[in-house]
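S.K.: My questions will all concern the structure given below.
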Number of protein chains: 4
Amino acid sequence: MIVVMKMGASDAEIEGVVSRIRELGFSPHLSRGEERTIVGVVGDDRRVAEEGMFEALPGVAECVRILKPFKLAARDFVAGRTVVTVGVGSGAVKIGDKNIVVAAGPCAVESWEQVEEVAVAAKACGARLLRGGAFKPRTSPYSFQGLGEEGLKLLARAREETGLPIVTEVMTPEAVPLVESYADCLQIGARNMQNFHLLQACGKSSKPVLLKRGLSATLEELLMAAEYILSSGNRNVILCERGMRTFERATRNTLDLSAVAVLKEWSHLPVMVDPSHGTGQRSLVAPMARAAIACGADGLIIEVHPQPERALSDGPQSLTPAMLAETMREVGAIARAVGRA
Amino acid sequence: MIVVMKMGASDAEIEGVVSRIRELGFSPHLSRGEERTIVGVVGDDRRVAEEGMFEALPGVAECVRILKPFKLAARDFVAGRTVVTVGVGSGAVKIGDKNIVVAAGPCAVESWEQVEEVAVAAKACGARLLRGGAFKPRTSPYSFQGLGEEGLKLLARAREETGLPIVTEVMTPEAVPLVESYADCLQIGARNMQNFHLLQACGKSSKPVLLKRGLSATLEELLMAAEYILSSGNRNVILCERGMRTFERATRNTLDLSAVAVLKEWSHLPVMVDPSHGTGQRSLVAPMARAAIACGADGLIIEVHPQPERALSDGPQSLTPAMLAETMREVGAIARAVGRA
Amino acid sequence: MIVVMKMGASDAEIEGVVSRIRELGFSPHLSRGEERTIVGVVGDDRRVAEEGMFEALPGVAECVRILKPFKLAARDFVAGRTVVTVGVGSGAVKIGDKNIVVAAGPCAVESWEQVEEVAVAAKACGARLLRGGAFKPRTSPYSFQGLGEEGLKLLARAREETGLPIVTEVMTPEAVPLVESYADCLQIGARNMQNFHLLQACGKSSKPVLLKRGLSATLEELLMAAEYILSSGNRNVILCERGMRTFERATRNTLDLSAVAVLKEWSHLPVMVDPSHGTGQRSLVAPMARAAIACGADGLIIEVHPQPERALSDGPQSLTPAMLAETMREVGAIARAVGRA
Amino acid sequence: MIVVMKMGASDAEIEGVVSRIRELGFSPHLSRGEERTIVGVVGDDRRVAEEGMFEALPGVAECVRILKPFKLAARDFVAGRTVVTVGVGSGAVKIGDKNIVVAAGPCAVESWEQVEEVAVAAKACGARLLRGGAFKPRTSPYSFQGLGEEGLKLLARAREETGLPIVTEVMTPEAVPLVESYADCLQIGARNMQNFHLLQACGKSSKPVLLKRGLSATLEELLMAAEYILSSGNRNVILCERGMRTFERATRNTLDLSAVAVLKEWSHLPVMVDPSHGTGQRSLVAPMARAAIACGADGLIIEVHPQPERALSDGPQSLTPAMLAETMREVGAIARAVGRA
């Protein structure tokens, strides 16, 4: 961290900063410029970075953090890249290696017929994971909130039938034991990206976690959320870009694909992209799925519904099984063009 | 809701929309324009508004919602305005009537000495509520996470000493019973504004709820979050603007004061403003506190620390007790200028 | 347009809206719902859409535009897609057909040696256009502002040597004659996207126009800016996505690739992408260039400098000629995967 | 400026940075931390700050600017605060001293009757300046574009009748001579805030300039735009906050009132606020006008129209003369509460 003093800061103020640095166990490094004095804080200052301890000292203009605040999530924390395994036995799927993984399924689990039809179609197209929501975060209390445990049971039954491991959302710390008893991968939704108790609860789970970026979360905050999970003991975290909130109204969210490339530079964790929520429109899912793979994503999460116009949630952005098949073909061509499978 | 058909939509597509409207229990109202046909949905369509059921039908270009999706939070749901009472007996404080209410206190409860000093000073300046965090949502897992129940006990002790009712944050549904056993008002933080299970749990509490706007939440979403609490049975909700996330870097967040005026038009609920988080800088707290009252806010939440430069959280935006006293004087002058006390 | 009346709007207020609609030459279409009355405006209301004439009438809650406000830029205005030809004779380049076109060159023209080296390298890699700034919009008045006409001469000399048509920015209406006397394509920069006199001046030019999206322009506004050029008589407009301003700080701008897919749906105009400004970082240019082509862009604009660390502008996002060559190879593989060349 | 080296940067890379710093005429100041080396650039580095010269060097992770890039606009450039005088003789108005100044008038000048009615009413209410647009930047080429010079003449005639100095927008460098021959103050609109040639042309005018913040301009960029005017020779610049573009849809723009307080800290220039464009809704103008004065603005710009529902531009946000009178009374009370007149 670098502490920038105000112009004309007094010697006493500079000394105050220097002694505070020492008090906290770091070494100060003074540098007097023409207009300003700056004081470097030498040492691993991640723990004090968020606390704003220096900004509040007299004579301080601003503090500039030099180290990224995440550590376990950082690129150089591990040699190579993390590959996360979802599911067990012969159906296990690896995310983060050469193969592109597609998780497909309905936004919300509605009935056995719906889940079965989608799961069978998804498998036939080459999807490797089944996604579906049993607990649904909804903006309105009057909207369909999901089938709850009944939905989890339907997903498990679809897994038995198709062999596809299942990814499903968990919304509260106390629901983690229930959800992990059915799911192969716990999803933390965008609205819960900074639900810190939930992050910690998932961090104690033995199941991998798919962590979605919050609507207005910076990439640094996404990695700090991952850090909560990692530092609670769970090293199997998959990051997921799903669109950010901006002024643009042509799309539901603005899918930030540069996030994929940045996260690959900053972190060793695998990165998936959700072009369904990222755009909110069925016609944009295929182009953005292709683009995501082109810039290095390890996988995709795509909403599919046998009859999107009857979906209880997210119909406008759901593909039909036939559209999924076509999208998978297009994505496959891109994957090969970037040397993946 | 109005369903706008694509240019050149076929009669069969229009008929599909019409029959779906009838199937859902509404009346269709057809209107053929020069370029487009539009179909009105007559009836209370709030429940289907979020579900996107019509957008997914063939031939549909877009759906335009006409009714606001909130109902219990809406201005015309009650006669007059809601006044929320925090605390009991002689120390009870009314929020939403003629009097401006200031809640002051430390970001995080750190020690008895700290809480006591701030509480006594806050009371002396005219603050009517004591705020302080025992459970702290922190971006970094390595930052101070709050004293937990011990912090709640210190707050309760300060209430005994000063008579100030206390406002404190609750972060998970399962912590509601513990927190409400100490607090006079439950705070739901910005990051939890769409933690729907928490909203519902607070909706079942007998204590009033201070609901902070999420970092990138629209005002409509804020009122939908309030709707979760209201529809769970708790009618004592205070809304709080605390700054939104934008591209501007001069301030920690962009305090959206027009939110105050809009919320007063749209809803009957009282509105407070948090200029500390809204700006992130001590020098901006007083001007924005004045502005908030000038445009109609019912109260303020202000962070105060006896030694901001030693605060474990949010030091740069905390006022000293002396600064609070000066801010209170300035705010008082504005309150009188707008006919309040 | 649809005029939504306030709840409880009086008959006189409704009549006021109806007669205003008639007065402006449209037909009203009344629809009384349970809570609200809505009045449809039948006819081509593009011309009144921006003017807010109905919102200001008593009893009106809001107006909802149904037609997109652009007409000449709209997808269905022409059969097929517009292909823009840049340059003349054997060196002419078509943008918008099956071939992907890359425009490469320095951010700012600095010297003959610099331009020549880049132009020769760009051509060798397969770039089809030479880009370079002679007039530079700079945030700071103390930064290098470009070589002016001298820079245009250097670009023209490079065109003579390599045969590559040149694309260069024009910043004011009165500079259009000068710039078009050298350039093959006039670039309108992001900061000038709503410089309406400049749009009109370029609209009267015989040279094609590359129109960059403004930092916080919606796609609808981008197409309205194109509409200014088109309606002034110039039908050769190329749209360019170059990143939008958001809260994210990991990248200079947030490259909105879904814009490509949306613009292709809404308009017949070709779309290019600028991954250099869109990301601001050299290491992100290649992945985002691949992604842009994967989702349907017709071309790319890439900054190249022989010695980026000595560039007078945008060094951090400039590729070296060697990096350009590698990027071109990668982009070529993607182009083939999506059936282009 | 501080150059932060990548972890593990080699001695040769560090040496490269050091010698580049010396080559540019600055002194390097080396500081080796546990994980990183940082190199301070000692000297006035404003001129190289925008150019990104160091980021592009091998081994550099990032560059952190310490000095604000503006100089003439900076708070400490002058003793005291700048007071700008608009108009001449007895009608001259000072902006930036103890008195609050309100500029009122129609968005667009439409006719003599309209301008006269508004000007007379504005004066009667206590407004000190007449605003009105003769040249109108409009998103759509099909919207009313203003009366041009005829509009300027009407404004001048209204000045003769009422004595109110006039503020009006200029859109291109070449129109500056024409507009300044009529106007007392040149307005640069939000869309032109980074039209650098226009800034320079206004910088050579003898008339004061009202500079509006761009829709997505940071406060630093606003001050850099002011710096263009100031460094071209015109020291009479008034800054104007008029709302920024965000995700919130309840208001046309998000009025950033903390900008007022920040600009007062950073700069010596006076600051006005435009609550009409800042909100886009008539009912929000008065509350935000009060708030603007409460937080320290020196004046307001308010749109007024005798019949807002017939306005050719911005009717929904225009006040009637009666509403202006009421707003002026409310603003007066706030002004007195903050010790102004």
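S.K.: Identify, please: which residue in region C:202-220 is more than 9 Å from chain D (Cβ to nearest Cβ) and among the hydrophobic types (A, V, I, L, M, F, W, C) and is, among those, surrounded by the fewest Cβ atoms within 10 Å (Cβ to Cβ)?
M.R.: Top of the filtered list is C:Leu219.
S.K.: Now, a different point. Hey, B:Glu150 hits all of (1) assigned to a helix (DSSP H, G or I); (2) among the acidic types (Asp, Glu); (3) open to solvent by less than 60 Å² (accessible area, probe 1.4 Å) but one; which does it fall short on?
M.R.: Of (1) assigned to a helix (DSSP H, G or I); (2) among the acidic types (Asp, Glu); (3) open to solvent by less than 60 Å² (accessible area, probe 1.4 Å), only one is false for B:Glu150: (3).
Residue-wise test of (1) open to solvent by 10 Å² or more (accessible area, probe 1.4 Å); (2) within 23 Å of C:Ala119 (Cα to Cα); (3) basic (Lys, Arg).
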| residue | (1), (2), (3) |
| --- | --- |
| C:Ala259 | no, no, no |
| C:Val262 | no, no, no |
| C:Leu269 | no, no, no |
| C:Val273 | no, yes, no |
| C:Leu284 | no, yes, no |
| C:Met288 | no, yes, no |
| C:Gly296 | yes, no, no |
| C:Leu300 | no, yes, no |
| C:Arg310 | yes, yes, yes |
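S.K.: It is to be established whether one or more residues within region B:156-168 are surrounded by 21 or more Cβ atoms within 10 Å (Cβ to Cβ), over 23 Å from B:Ala122 (Cβ atoms) and out of contact with any Phe, Trp or Tyr (no Cβ under 8 Å at 6 or more places or on another chain).
M.R.: Within region B:156-168, none of the residues are surrounded by 21 or more Cβ atoms within 10 Å (Cβ to Cβ), over 23 Å from B:Ala122 (Cβ atoms) and out of contact with any Phe, Trp or Tyr (no Cβ under 8 Å at 6 or more places or on another chain).
S.K.: Could you list all residues from region B:56-88 that are touching a Pro at 6+ places or on another chain (Cβ under 6 Å) and either part of a strand (DSSP E or B) or open to solvent by 30 Å² or more (accessible area, probe 1.4 Å) (or both)?
M.R.: B:Val84, B:Val86, listed by residue number.
S.K.: Applying the selection to region C:126-140, what residues are surrounded by 22 or more Cβ atoms within 10 Å (Cβ to Cβ) and either among the aliphatic types (A, V, I, L, M) or out of contact with any Pro (no Cβ under 7 Å at 6 or more places or on another chain) (or both)?
M.R.: Within region C:126-140, C:Ala127, C:Arg128, C:Leu129, C:Leu130, C:Arg131, C:Gly133, C:Ala134, C:Phe135, C:Lys136 meet the criteria.
S.K.: Hey, another quick one. A:Val118 passes all but one of (1) surrounded by 24 or more Cβ atoms within 10 Å (Cβ to Cβ); (2) outside any helix (DSSP H, G or I); (3) in contact with a helix residue (DSSP H, G or I) (Cβ under 8 Å, 6 or more places away or on another chain); which number fails?
M.R.: (2)
S.K.: Could you list, ordered by first residue, the pairs with Cβ atoms under 6 Å in which the first is in region C:247-274 and free of Cβ contacts under 8 Å to residues at least 24 places away in the same chain and at the interface with chain A (Cβ under 7 Å from one of its Cβ atoms) and the second is open to solvent by 10 Å² or more (accessible area, probe 1.4 Å) and in a strand (DSSP E or B), at least 6 apart or interchain?
M.R.: Sorted first by the residue in region C:247-274, then by its partner, the list stays empty.
S.K.: Starting from residues that are under 37 Å from the mean Cα position of the chain (by Cα) and crowded, with 18+ Cβ neighbours inside 10 Å, keep the ones in region B:11-27 and report whichever is farthest from C:Ser31 (Cα to Cα).
M.R.: Checked region B:11-27; the qualifying residue farthest from C:Ser31 (Cα to Cα) is B:Arg20.
S.K.: So, one more: Quick check on region B:121-144: of everything there that is charged (D, E, K, R) and either assigned to a loop (DSSP other than H, G, I, E, B) or within 14 Å of chain A (Cβ to nearest Cβ) (or both), which residue is nearest to A:Leu222 (Cα to Cα)?
M.R.: B:Arg138
S.K.: In region A:156-177, what residues are of a type in the set (S, T, N, Q) and assigned to a helix (DSSP H, G or I)?
M.R.: A:Thr162
S.K.: Among the residues that make up region B:319-338, is at least one of them among the small types (Gly, Ala, Ser) and not in a helix (DSSP H, G or I)?
M.R.: No, region B:319-338 has no match at all.
S.K.: Does B:Gln281 fit the bill of being closer than 30 Å to D:Glu221 by Cβ, in contact with a Gly (Cβ under 8 Å, 6 or more places away or on another chain), modelled with pLDDT under 95 and within 10 Å of another protein chain (Cβ to nearest Cβ)?
M.R.: no
S.K.: Mind checking which pairs have a first residue in region C:52-76 that is more than 7 Å from chain D (Cβ to nearest Cβ) and closer than 26 Å to C:Glu13 by Cβ and a second that is hydroxyl-bearing (Ser, Thr, Tyr) and part of a loop (DSSP other than H, G, I, E, B), Cβ under 7 Å, 6 or more apart or different chains?
M.R.: These pairs meet every condition: C:Gly59/C:Ser10.
S.K.: So which of C:Ser276, C:Ser283, C:Ser267 is touching a Cys at 6+ places or on another chain (Cβ under 9 Å) and among the small types (Gly, Ala, Ser)?
M.R.: Details: C:Ser283 fails: touching a Cys at 6+ places or on another chain (Cβ under 9 Å); C:Ser267 fails: touching a Cys at 6+ places or on another chain (Cβ under 9 Å).
Going through C:Ser276, C:Ser283, C:Ser267 in turn, the sole match is C:Ser276.
S.K.: A further question follows. How many of the residues making up region D:221-246 are of a type outside the set (A, V, I, L, M, F, W, C), within 11 Å of the chain's Cα centre (by Cα) and within 9 Å of chain C (Cβ to nearest Cβ)? Break it down stepwise before answering.
M.R.: At the first step, the residues of region D:221-246 found to be of a type outside the set (A, V, I, L, M, F, W, C) are D:221, D:227-228, D:231-236, D:241-243, D:245-246.
Now drop any that are not within 11 Å of the chain's Cα centre (by Cα), which leaves D:221, D:241-243.
Filter once more, so that each one left must be within 9 Å of chain C (Cβ to nearest Cβ): D:221.
Residues meeting the conditions: 1.
S.K.: Being at the interface with another protein chain (Cβ under 9 Å from one of its Cβ atoms) and part of a helix (DSSP H, G or I) is the filter; apply it to region B:191-201 and report the residue that is farthest from B:Lys136 (Cα to Cα).
M.R.: This residue is B:Gln200.
S.K.: Would you pick out the residues in region A:93-109 that are in contact (Cβ under 8 Å) with a residue 60 or more places away in the chain and open to solvent by less than 30 Å² (accessible area, probe 1.4 Å)?
M.R.: A:Val93, A:Ile95, A:Gly96, A:Ile100, A:Val101, A:Val102, A:Ala103, A:Ala104, A:Gly105, A:Pro106, A:Cys107, A:Ala108
S.K.: Output the number of residues of region D:320-330 satisfying the condition of being farther than 13 Å from D:Gln114 by Cα and either out of contact with any helix residue (DSSP H, G or I) (no Cβ under 6 Å at 6 or more places or on another chain) or open to solvent by 10 Å² or more (accessible area, probe 1.4 Å) (or both).
M.R.: Of the residues in region D:320-330, 7 are farther than 13 Å from D:Gln114 by Cα and either out of contact with any helix residue (DSSP H, G or I) (no Cβ under 6 Å at 6 or more places or on another chain) or open to solvent by 10 Å² or more (accessible area, probe 1.4 Å) (or both).
S.K.: Can you tell me how many residues in region A:238-247 are of a type outside the set (Ser, Thr, Tyr) and open to solvent by 10 Å² or more (accessible area, probe 1.4 Å)? Please lay out each step first, then the result.
M.R.: Filtering region A:238-247 down to residues of a type outside the set (Ser, Thr, Tyr) leaves A:238-245, A:247.
Restricting the remaining residues to those that are open to solvent by 10 Å² or more (accessible area, probe 1.4 Å) gives A:242, A:245, A:247.
Adding up the residues that qualify gives 3.
S.K.: Still on this model: Given the condition within 14 Å of chain D (Cβ to nearest Cβ) and surrounded by fewer than 18 Cβ atoms within 10 Å (Cβ to Cβ), answer yes or no: does some residue in region C:2-9 qualify?
M.R.: Scanning region C:2-9, I find at least one residue that is within 14 Å of chain D (Cβ to nearest Cβ) and surrounded by fewer than 18 Cβ atoms within 10 Å (Cβ to Cβ), so the answer is yes.
S.K.: Additional query: Looking at the structure I just gave you, is C:Asp44 part of a loop (DSSP other than H, G, I, E, B), open to solvent by 30 Å² or more (accessible area, probe 1.4 Å) and within 14 Å of chain D (Cβ to nearest Cβ)? Let's see the steps before the verdict.
M.R.: Working: part of a loop (DSSP other than H, G, I, E, B): yes; open to solvent by 30 Å² or more (accessible area, probe 1.4 Å): yes; within 14 Å of chain D (Cβ to nearest Cβ): yes.
It is true that C:Asp44 is part of a loop (DSSP other than H, G, I, E, B), open to solvent by 30 Å² or more (accessible area, probe 1.4 Å) and within 14 Å of chain D (Cβ to nearest Cβ).
The values are calculated or read from the model by the stated rules, or taken from the named source; none is laboratory data. Predicted model, so just to flag it, every value in this text is computed and none were measured. Here Cβ is always computed from backbone atoms with ideal geometry, including for glycine, and neighbour counts include all displayed protein chains. Please note that ligands, DNA and RNA were not included when accessible areas were found on the heavy atoms of the full protein model with its side chains. Shrake-Rupley method; radii C 1.70, N 1.55, O 1.52, S 1.80 Å.
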